[in-house]
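A short reminder: the numbers here are calculations on the coordinates, not readings from a lab. Note that the coordinates shown come from a computational prediction; the quantities given were computed from them, not determined experimentally. Every residue, glycine as well, gets a Cβ built from its backbone with ideal geometry; the counts of neighbours run over all protein chains shown.
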Ligand SMILES: Nc1nc2c(ncn2[C@@H]2O[C@H](COP(=O)(O)OP(=O)(O)OP(=O)(O)O)[C@@H](O)[C@H]2O)c(=O)[nH]1
């Protein structure tokens, strides 16, 4: 207690002294902040003077104190109050008694108006001193004593007030600003809405590097240095005023160095290199106001980070250690999958002796796997899709042979009627079907493959009527492939002809049973023996002659022998043990296809195994479809078609080619996948073939390349006719003219066909088709040649003529007369005129002349003018004189003129 009392007394005395001093300090602080070291020295001598009876002279002492502490920075007093020890908390209390109005005034002052602040701080002591009388001071002292004597002074109370006092003194320092020593005498600054001072938001060199153009030195005064021309910040002004030299910013140091070094200094050079950047920095915009502007250091750091990140991305490319790919694959695609550059693969392949480009295809598994090993990647070949498309690898016969006997049932034979033109195939089928198809056929030639299912006395027969003309060889071959039995129709009055022989060969190649129908037995010149002999020559020895070949004499007109023929077919069917599995998925072959205007692609298919149902999803080689409708040969709708049934189906994605196989798959998606894969493979194959062909042509080019080309566009009503036409045209053999079919399609000749023909200078050949109404004006407009035919060999002959027309005509020279030049006459108008005498023959003015001098030809050309005396004449005969004007003036007396006629003839293919 005693100790506490003693302390209280001391504190009381001190408080009295400090009370006065605090007033002095308060005034002094506003004038100049004191240093921390000097403060005790100032305060302690003031303490004994701070007695209450001697309160009156206090103002004078204060005045003296103020004078003494004039240079003492005010901030020291305040910063001390913040960090003061607990026993010196009186100072803090004093600070709390400072007039808030003055603090607030100084706090709201704008730093750039430093002069005004200084003026206020200088005048403040006078203003404060005069109104503060002794009476006013006394109660303040008492209050202070009471507070200090209080039994439990709360140390937090002054601390809570500290931020209010200190906050304006210590300016907020931005991270990117160079740290500056806290300026003791820095005036309170005004903060912006962002909590930062405007100065801090400005670039460090803002306002320093751009002297105002109007800032010229006053007359008579020395010109200011560049550094002096810069607007001074409040900090600089404070430094100048206190005449202290604290650590300066980097910019100022550099400026000093620049002054020392002159214009050749490094800093100067740097500034010169980046003037634009400097100019940008001097801008002050909303980004600066919001504190979003990045400093140079920030930008440099960002660049460094960006660079390092980039490097890391390149360096950390993750390459697969194993891959599963499909073959064939292009080098480009393989590189993408291996995360490599294509050039790297090309380089490795080159090292292995393979010169390839990016788009070349790799299909050799070993090469691909070796390539993968070079880059540490294990490559396996994905054959799942290849297996998928191999669903038709097994033939239908193989598939049936592998089917369980329980599932197999006997099926109707598929019979193809083949033979020479007009030997009576269609008539014979008609006799069987009791229908008459031949009457409606153009040129009495069967142009389309037909398919029928006939009910006969011996059972059902599926009949294919194949065309007889040679152009249909391809179709016939396909017909033979799809059939079980070939009925070889031979007219008994004519015997075997060329196309009969072809049909025999195709049937033999297809290993199909042959039954010979010797037709037209009703004719008087029917010769059975002749046909037997010819058959035996073709290694088809008739049964009648001890062979195995079945022959039947018949007549389509009278119907003679037709039942025997059907019996023979049934017998052969039994021998062949024709069976199929109706419960299996349907498989078969496309016989015909055409584009129907309303139905789209329509195909005639022959079901060979299984049962085809409406709604089945099928793959037609590289086309697919879902069976929408199904009809028989009479147009009757069907819901399903069993083995050996030809039907017409719709719902296809495209127009399948005759002879292509079809197979039913799980669903439409599966069908699409398979057709897509097949299309892709086909494209690649086509590209390879084209490349090879072009290379071959290139090699042949040096020998004999056709100089002329006839370009064609083909249109036919159905796919079979189109192929037959194309096959017939491609058979035209010519070394002089090349035939180029740029498009072949089913349907009418359209506008686009005409435009295409015009663009490619092509001729359009229409076979069993017609021209669309809109296309006709275009044909006239462009002058495109369009040839329409219903008979295939007429179309082929027409094309041959067109090909021949492409060839240049051959000039043939025929000697007509011999003429001697006996004199020459010069004409100012025409040149030299030869005065001639016709030795032999007749000279016509349309003839040509060879000028012979001393046995050699010196000129060759046409006669420009032929005259008798002064008259132009058409001809001059032997023994007459005439004047001949040639195309040359080099004519002399004694020259001979060989007169000849030039005629042109067409070349043949
Ligand atoms: N006398 C007689 N004439 C027949 C007989 N069969 C066919 N013909 C005639 O022979 C001609 C040709 O008959 P088609 O049935 O068109 O002959 P095709 O073999 O089908 O001819 P392509 O369709 O060109 O292959 C027709 O005029 C028939 O009338 C027959 O048995 N006796």
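A simple spin-label model places pseudo-atoms 7 Å from Cα toward Cβ; at residue 856 and residue 669 they are separated by 8.8 nm. Averaging the Cα positions of each part gives two centres, and for segment 547-570 and segment 828-859 these lie 80 Å apart. Our estimate of slack between residue 576 and residue 364, defined as 0.36 nm per intervening residue step minus the Cα-Cα distance, is 72.0 nm. The packing ranking of peptides 647-655, 399-407, highest mean first, is 647-655, 399-407, where packing means the average number of other beta carbon atoms within 10 angstrom of each residue.
Kirkwood hydrodynamic radius, computed over distinct alpha-carbon pairs, for segment 707-806: how many Å, to one decimal? In segment 707-806 this quantity evaluates to 13.3 Å.
Dividing the convex hull volume of the alpha carbon atoms of segment 469-598 by its residue count gives 162 Å³ per residue.
Once you reduce segment 579-619 and segment 727-774 to the center of their Cα atoms, the two points are 30 Å from each other. Rounded to two decimals, the Cα radius of gyration of segment 588-694 over 2.2 N^0.38 Å is 1.12.
Highest mean packing comes first when the peptides 597-609, 500-512 are listed by Cβ atoms within 10 Å, giving 597-609, 500-512.
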